[in-house]
1. At 7 Å along the Cα-to-beta-carbon direction for both Glu5 and His65, put a label point, then send me their distance in nm to one decimal.
2. Mind putting a number on the dipole of region 2-83 about its Cα centre? Charges go on the C-beta only, +1 for Lys and Arg and -1 for Asp and Glu, and I need it in Debye to the nearest 20.
3. Which of the peptides 64-71, 26-33, 47-54 is most tightly packed, and how do the rest follow, judged by the mean count of other Cβ atoms within 10 Å per residue?
4. The chain: D in µm²/s via Stokes-Einstein (Kirkwood Rh, Cα pairs, 4 °C, 1.567 mPa s)?
5. Give me a comma-separated list of calculated 3J(HN,Hα) values for region 46-59, in order, Karplus coefficients 6.51, -1.76, 1.60 applied at θ = phi - 60°, integers in Hz, x for any Gly or Pro.
6. Which trypsin sites (Lys or Arg not before Pro) from region 1-36 combine a DSSP loop assignment with at most 16 other Cβ atoms within 10 Å?
7. Is it possible to state the helix-based mean residue ellipticity at 222 nm for the chain, with each DSSP H run of 4+ residues giving -39500 (n - 2.57), the sum divided by total residues, to the nearest 500 deg cm²/dmol? What is it?
Amino acid sequence: MIFDERSEGDYRIYAGALEAPRGQGYIAAVVVNRVRGIGNVPREAYRDDSLACGHRWLSPDEALHYALNKARDVIKREQHRLHC
């Protein structure tokens, strides 16, 4: 398992590359939290424990890269939704 945490503006990303069941590569998982919201209470904006329907990547770096990119897409959509 490989995990990465990072901040992107008002959001916190928790991404992971997890060993797939039966050892057939790695699956990607991500949680995106909005850290500054109403009353400064963090809230979960997105969670997926098996991104891309459980697609298996050959390396953990590929799975982690996918998870981080998915999180950035979610943040862009969330920011757009909040500003409309």
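Just so it is clear, none of the values below were taken in a lab; they were calculated from the coordinates. Note that the structure is a prediction, hence the values are computed from the model and not measured. Virtual Cβ from ideal backbone geometry, glycine too; neighbours counted across all protein chains shown.
1. So the two model labels end up 2.5 nm from each other.
2. Roughly 320 debye for region 2-83.
3. The peptides rank, most packed first, as 26-33, 64-71, 47-54.
4. This corresponds to a translational diffusion coefficient of 99 µm²/s.
5. 6, 8, 8, 8, 8, 4, 6, 6, x, 3, 9, 8, 5, 10
6. Arg36
7. -10500 deg cm²/dmol
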